[in-house]
Amino acid sequence: MIIKFIKDIKFITIIIFISSLLVFLWPLSHPGVIAGHDAGYHFTRIQLFANALKAGQFPVRWLEGPNLGITHPLFQFYPPLFYYPAGFLVLSGVPYVTAAYIVLALSAALAWMGMYLLVLSLTHRSHVAAAFAATLFLFTPYRISQLYVRAAYGEFLATAFLPWAFLGIYNLYNDYNRYNFYKNYILLAFSLAAILTSHQPTLIMLMVPLAAWTIFLWIKTQNTKALLATIVGGILAASV
């Protein structure tokens, strides 16, 4: 999908993409830490998560700290996906705040690209409409509050995968190339699994829209193979 994005992209799209990200992420470039509601928890967890990885724990389930003698199996039930890239960045020598902001910046870019490709497919390759929709999605007030007010970093990452899940389903029903069929099946399963391991309530809220989207496409195309692939992809994602 990334290769397709690069091939399809136009110069004006590149300008809109870079400009949107620079404006959206500008507050992260300021010195210090953006004091969102849960920011402190995330920065503490990133450090503890990196310590767990360094100690050889994989997958990470149990955290030691933050105070001596206080341990708990946080990631036995709390979605861990955000902390894996941030933790590995910390292990490579990146400061923990910078590591968090790098993952957040990549999440914003992933959200923009996913919505761009989804709308590009729905509008039969209208780059202007796709870039406009992707920018609107990036600046959705709810996603701004996730990042800059609530500091809900896992939820922010989860919503970045939403358009990719819808795109995977759409392509299953409309791309009849056998090789692309399996790619879109993997895209769907991976997107749903990424949402689940980033923020479970997001996937719960998404189940009805995804089901409606699937039923609509099946009624339109009568593609039973794609319907079965969608169901199996969802089951595979849930097994994570």
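What does the charge count around ALA52 come to, taking other residues whose C-beta lies under 15 Å from its C-beta (Lys +1, Arg +1, Asp -1, Glu -1)? Result for the neighbourhood of ALA52: +2. One quarter of the convex hull surface built on the alpha carbon atoms of the chain amounts to 13.9 nm², the projected area averaged over directions.
Comparing ALA189, ILE169, PHE49 along the charge dipole axis of the chain, the residue lying farthest to the positive side is ILE169, per the Cβ-charge model. Cβ-Cβ distance of MET205 and ALA238, R₀ of 22 Å, FRET efficiency by 1/(1 + (r/R0)^6): the value works out to about 0.90. Extension gain, ILE102 to TYR78, is 6.5 nm, computed as 0.36 nm per intervening residue step minus the present C-alpha separation. Between ALA212 and HIS124, the contour length at 0.36 nm per residue exceeds the Cα-Cα span by 29.5 nm.
Accessible area per residue for the chain, computed on protein heavy atoms with a 1.4 Å probe, is 51 Å². In segment 1-151, a dipole from Cβ-located charges (positive for Lys and Arg, negative for Asp and Glu) runs towards its positive end, and of ALA151, LEU74, SER19 it is SER19 whose Cα lies farthest in that direction. Dipole check for segment 83-240: with +1 at the C-beta of Lys and Arg, -1 at the C-beta of Asp and Glu, and the Cα centre as origin, the magnitude is about 260 Debye.
By accessible area, using a 1.4 Å probe on protein heavy atoms only, segment 132-240 has 77% of its surface on carbon and sulfur.
Note: relative contact order over the chain, using C-alpha pairs below 8 Å and six or more positions apart, is 18 percent. Using equal-weight Cα scatterers in the Debye expression, the normalised intensity of segment 184-240 in log10 at q = 0.17, 0.27 Å⁻¹ is -0.53, -1.13. A DSSP coil position with no more than 12 other Cβ atoms inside 10 Å describes the following trypsin sites (Lys or Arg not before Pro) in segment 90-178: ARG125. Ligands, DNA and RNA left out, the accessible area of segment 56-108 computed with a 1.4 Å probe is 69% carbon and sulfur.
Hey, any idea what the orientation-averaged projected area of the convex hull of segment 45-145's Cα atoms comes to, in nm²? Over every viewing direction, the Cα hull of segment 45-145 projects on average to 8.3 nm².
The values are calculated or read from the model by the stated rules, or taken from the named source; none is laboratory data. These figures come from a predicted structure and were not determined experimentally. Quick reminder, even Gly has a Cβ in these numbers, built from the backbone with ideal geometry, and neighbours come from all protein chains shown. Accessible surface is based on the protein model in full, side chains and every heavy atom, while ligands, DNA and RNA are left aside. Shrake-Rupley method; radii C 1.70, N 1.55, O 1.52, S 1.80 Å.
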